[in-house]
1. Among (1) exposed (fewer than 15 other Cβ atoms within 10 Å of the Cβ); (2) at pLDDT below 90; (3) outside any helix (DSSP H, G or I), where does Glu50 come up short?
2. Quick one: would you say Tyr75 is in contact (Cβ under 8 Å) with a residue 40 or more places away in the chain, of a type in the set (Phe, Trp, Tyr) and over 16 Å from Leu26 (Cβ atoms)?
3. For the stretch 53-98, what are the residues that are surrounded by 13 or more Cβ atoms within 10 Å (Cβ to Cβ), part of a loop (DSSP other than H, G, I, E, B) and modelled with pLDDT of 95 or more?
4. Tally the residues that are of a type in the set (Ser, Thr, Tyr) and out of contact with any helix residue (DSSP H, G or I) (no Cβ under 9 Å at 6 or more places or on another chain), restricting the search to the stretch 20-54.
5. Restricting the stretch 28-47 to residues that are assigned to a loop (DSSP other than H, G, I, E, B) and not aliphatic (A, V, I, L, M), which is surrounded by the fewest Cβ atoms within 10 Å (Cβ to Cβ)?
Amino acid sequence: MNLKDLTDLGRSRILDSVVGADRILLLLLFETGLEPQELLSLRRSDLDLERGELMLHSGQRVRLSPSLQTELGDYLRSRPNLTYLLEGRCGKPMTVKWKRCVLEKLLSRAEISGAERQDQGL
């Protein structure tokens, strides 16, 4: 799935409709271009907010924009005991079911047109 091809309007509509971990995951997907699977296993300790970097399990470092650093900081302050960066309700990492269970509903709710969904695998 490559969400980078959504229009700015499509991204805004989706982001305006979510909060919390869903919003953080979408922001990370949009900004980094990484696949959901790459982000879901990240631990809180893989994020260095001072440097504005994510350390992937492959050893690659991904730079984050100042605006994403701010959103991540706010998100983490409201959830101080996270082990995983993107935790589900039971304290385990969010799963790849997120694409089917959450993303498809968000695309539908945001009324993303067929052209905006092109090549998204949805």
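The values are calculated or read from the model by the stated rules, or taken from the named source; none is laboratory data. These figures come from a predicted structure and were not determined experimentally. All Cβ positions, glycine included, derive from the backbone under ideal geometry; neighbour counts span all protein chains shown.
1. Going through (1) exposed (fewer than 15 other Cβ atoms within 10 Å of the Cβ); (2) at pLDDT below 90; (3) outside any helix (DSSP H, G or I) one by one, Glu50 breaks only (2).
2. Numbers: in contact (Cβ under 8 Å) with a residue 40 or more places away in the chain: yes; of a type in the set (Phe, Trp, Tyr): yes; over 16 Å from Leu26 (Cβ atoms): no.
So Tyr75 does not fit the description; no.
3. The answer is Leu64, and nothing else.
4. Taking the stretch 20-54 first, the residues of a type in the set (Ser, Thr, Tyr) are 32, 41, 45.
Those left that are additionally out of contact with any helix residue (DSSP H, G or I) (no Cβ under 9 Å at 6 or more places or on another chain): 41, 45.
Number satisfying all stated conditions: 2.
5. In this case the residue turns out to be Gly33.
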